[in-house]
1. Within 10 Å of each residue's Cβ, count the other Cβ atoms and sort Val106, Val65 from fewest upward.
2. Which of Ile275, Ile110 comes first, and how do the rest follow, when ranked by fewest Cβ neighbours within 10 Å?
3. How high is the FRET efficiency between Ser174 and Lys204 when r is their beta carbon distance and R₀ equals 22 Å, given to the nearest 0.05?
4. Just grab the label-to-label distance for Val94 and His234, each label 7 Å out from Cα along the Cβ direction, in nm (one decimal).
5. Using a basic spin-label model with each label point 7 Å from the Cα along Cα→Cβ, how many nm lie between Arg109 and Ile297?
6. Can you compute the modelled spin-label distance between Leu289 and Gln151, with each label point 7 Å from Cα toward Cβ, in nm?
7. Pull out the extension gain between Lys64 and Arg250, defined as 0.36 nm times the separation in residues minus the alpha carbon to alpha carbon distance; nm, one decimal.
Amino acid sequence: MRHTMTRSTRRLLRAALLGTMLACLGMGGALAAGTLDKLRESGKFVIGYATEGMTLAQTDQTGKVAGYAIALCTQVAEAAKGELKLPALDVQFVQVPTNERFTALVQGRIDMLCGAVPTLARRAEVSFSIPVGFVGVNAVVRSDAPVRLVQVLTGDEPPAPLIWRGTSAPERRSLAVVSGSIVERALIDRLADRRIAIDVVSVKDTSEGVQAVVDRRADAFFDARPLLADAVAHSPAKSSLVVLDRLFRRELLALAVRRNDDDFRLVVDRALSKIYRSPELPTMYRTYLKEPDRETIEFFELMALPD
């Protein structure tokens, strides 16, 4: 049977379609506004940071946030003022929990995240700048840690003796990682190959991870070497702790921005590229990390985009 629409029904459909189109246009305008318009309207540039994990941002004894990532983000903010012609732009650093740092960016509570490891899963939520550096993952253990565990972690394990099937169960150890750390899966797989079964102890930050080793709740804790070194140096039990030299992973770090905001990301990348070509970068790196070697300098030269 053929149905025909009444005139009033057609009017209602046209009105609904028009309303939908207007809503989409309004939404598109809001999305198109992006971070640059948000900064101009608010007069504030809110930069989020997390002190956990591998962001290279720490709170010092006075309660002020510091570190390589913070110094670099400060330089980016100053450069952004010039790019945006907003010398009075108020730059604010806001600490965000590790498990909320990308959500805070997506929701607009922060305008940029100061340091994170780009992954494909994270790129589904946010975008990333050109890399701002790399960080190595090391382990801290007690000085009386089991010999075989230390041998496995340092790569000095002797050839395994022949084990007849069914005569030996895997050795079981507890390893601590910051909750949500991308190193967790890699560690489990690597040590499982050495017949070591892993119980993962999740901790909220570097200090808690080091304390878990001190309290024997974990046999080892894995995190970025600069964070480990700092936490161990401030631990009352530092004389009983050892940061192993072996590098387990090397992760790239970048600044995170909202997705589909190419104009703002261009401002960030332009500012970073300018810093990488300036004498400020080696000084900054030396102050917060170590003397940059030739490999590090070449890394930043490669990452700097040409004008």
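1. Working: Val106 13, Val65 18.
Ranking Val106, Val65 by Cβ neighbours within 10 Å, fewest first, gives Val106, Val65.
2. On the way: Ile275 19, Ile110 25.
Sorted ascending by nearby Cβ count, the order is Ile275, Ile110.
3. Details: r = 17 Å, r/R0 = 0.75.
With R0 = 22 Å, the Cβ-Cβ based efficiency is 0.85.
4. 2.4
5. Label at Arg109, label at Ile297, 4.2 nm between them.
6. Roughly 3.4 nm, to one decimal.
7. Values: separation 186, 0.36 × 186 = 66.96 nm, distance 2.77 nm.
Length gained between Lys64 and Arg250: 64.2 nm.
Every number here is computed from the coordinates shown, using simple stated rules; none is lab data. Since this is a predicted model, take the numbers as computed values, not measurements. Note: ideal-geometry Cβ built from the backbone for every residue, glycine included; neighbour counts use all protein chains shown.
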